[in-house]
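K.L.:
Below you will find the structure I want to go over with you.
Computed from the coordinates by the stated procedures, all read-outs in this text should not be read as laboratory data. These numbers were taken from a predicted model, which means no experiment stands behind them. We place every Cβ from the backbone using ideal geometry, glycine too, and count neighbours over all the protein chains shown.
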Amino acid sequence: MKPSRILLAGAAASLLMAGCSGRSSVETEELKADNQRLTGELTALHDEARLLQKQRDEARNEASKLREQRDGLEKQLRGSINRDGGSLGDGITVLDGGKGLSLNQDFAFAKGSADLNAQGEQAIAKVARMLQNKDYDGTKVIVEGHTDSTPVVRAATKEKFGDNWGLSAMRAAAVVRALLKAGIPADRLHGAFRGEHAPLKSNATTEGKAANRRVDIYVSL
């Protein structure tokens, strides 16, 4: 082979090797960059997983504390009633489990009215005295109105309340105002209404309907 051809072949081989070496170096740097990026993403995912686990543990602990506090409030409510001789008087009953009190509407309101009668006001005043006990400091008082499933049909009642939603709302508001008048601070009071949609008993019987016409009073944190 002529010397010129050898030189040309050597030069070509050198260029080829240099090209291969250059591509290999670029690919290596790209792989390193990808590896660093993936490592960073994996670290971030681990950090996020640890944070989520911490938040879940904190939420579980908070839920456990709230359950303990709720159980404590229910125990206090039962204790308050027991100290009062086991009853808060006519028209007031204790909800199952001591979760709250229930004011019978037939006892406290005239038919078709959202104004508490005298005995209803007396019953609420007695509840208010109990709720002013230091055991209930810092608690909220939730007043929730209910009706039975009988629709509002009388013209005068329909004009005032519209339907059972309106009737339950106005009777709950009357109890809220009575509690306020009896000394419960406004910032502790919360009103709600459910119409006929949260019955205690079946509306298929007269007794069941009577039980469902009520205003419930709950104590909450």
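K.L.:
Distance between the C-alpha centers of region 102-116 and region 131-197? Whole Å please.
P.N.:
11
K.L.:
Okay, moving on. What is the distance, in nm, between label points placed 7 Å from the Cα along the Cα-to-Cβ direction at Glu27 and at Ala182?
P.N.:
8.5
K.L.:
Here is a follow-up. May I ask you to derive the relative contact order of region 109-221, considering only C-alpha pairs under 8 Å and at least 6 residues apart, and to give it as an integer percent?
P.N.:
38
K.L.:
Taking every DSSP beta bridge with both residues inside region 87-220, roughly what % is antiparallel (nearest 5)?
P.N.:
That works out to approximately 75 percent antiparallel.
K.L.:
Treat each spin label as a single point 7 Å out from the Cα along the C-beta direction, and report the Asp47 to Asn203 distance in nm.
P.N.:
Calculated label separation equals 5.6 nm.
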